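Asks: Structure in structure tokens, see below.
The values are calculated or read from the model by the stated rules, or taken from the named source; none is laboratory data. Here the structure is a predicted model, which is why all the values come from computation and not from measurement. When we count neighbours, we look across all protein chains shown, and the Cβ atoms used for this are built from the backbone with ideal geometry, even at glycine. Only protein heavy atoms, including side chains, enter the accessible area calculation; ligands, DNA and RNA are left aside. Shrake-Rupley method; radii C 1.70, N 1.55, O 1.52, S 1.80 Å.
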Amino acid sequence: EDSIMVASWPASKDRKDSAARDALDRFRDLVVALRRLRVDYGIPPGRRIAVEVSAGEFEAELRLLAPAAIALARLESLDLVDGVPPAAGHARTLTAAGMEASVALDALVEVESEQKRVRSGIARVEADIRRSERKLADANFLEKAPAPVVDKERAKLAEAQLARRKLEEQIVALGGRP
């Protein structure tokens with residue numbers, strides 16, 4: 001007798017829709033970018049935000065997926081626009097597919113306290129950069145440390161420099177100077 005308990009697992013007939021998979025990847029990247037933007041700029045998790053998105057060639061697919069993006073990224077609205085506003089006073093993010101999103105910050109965060117938080121983050125990162133640069137400038141460290149340790153320190157320096165650039169972009173978006 002045939003029983004589901006002893007039957008083999010059904011095999012795929014290789015019916016994969018790569019266009020649909022690509023569209024969902026772009027959608028996921030946008031939702032992740034919007035969530036990351038919320039964290040980076042200290043926007044409270046429960047606060048719904050209005051977002052403007054310049055989706056370019058993907059506007060039609062994003063228009064169909066907009067209700068899901070609104071739900072998953074906890075948005076108040078998602079407006080599709082030809083170009084996002086200038087950076088001052090707006091937090092911006094860019095996905096790998098080239099979709100750019102912008103959120104006006106003035107009504108969402110306490111700008112002065114957020115600038116203070118970001119500036120203290122810059123100070124911490126700059127201390128890390130100075131520490132790594134001192135280590136890498138030390139001939140004794142370079143001679144005596146194993147190659148993986150030196151490589152790890154170089155990677156740490158590069159990561160800290162990238163973090164500083166991101167934090168400086170946040171300060172500009174908050175209307176300050178880096």
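Asks: Examine the range 79-91 for a residue that is of a type in the set (V, I, T), in contact with a Ser or Thr (Cβ under 9 Å, 6 or more places away or on another chain) and buried (at least 17 other Cβ atoms within 10 Å of the Cβ), and state whether such a residue exists.
Replies: Yes, some residue in the range 79-91 is of a type in the set (V, I, T), in contact with a Ser or Thr (Cβ under 9 Å, 6 or more places away or on another chain) and buried (at least 17 other Cβ atoms within 10 Å of the Cβ).
Asks: Taking only the range 136-154 into account, find how many residues are open to solvent by less than 80 Å² (accessible area, probe 1.4 Å), within 30 Å of E168 (Cα to Cα) and over 28 Å from the mean Cα position of the chain (by Cα).
Replies: Total satisfying the criteria: 4.
Asks: A follow-up question, please. Provide a single number: the residues in the range 35-63 that are of a type outside the set (G, A, S) and touching a helix residue (DSSP H, G or I) at 6+ places or on another chain (Cβ under 9 Å).
Replies: Count: 14.
Asks: Can you tell me which residue among A127, A123, A163, A147 is of a type outside the set (D, E, K, R) and closer than 26 Å to D29 by Cα?
Replies: A163
Asks: So, in the range 114-150, exactly how many residues are of a type in the set (S, T, Y) and touching a residue at least 24 places away in the same chain (Cβ under 8 Å)?
Replies: The number of residues fulfilling the criteria is 1.
Asks: Ok, one more. I'd like to verify a number: residues in the range 1-50 that are in a loop (DSSP other than H, G, I, E, B), out of contact with any strand residue (DSSP E or B) (no Cβ under 6 Å at 6 or more places or on another chain) and open to solvent by 70 Å² or more (accessible area, probe 1.4 Å), how many?
Replies: 17
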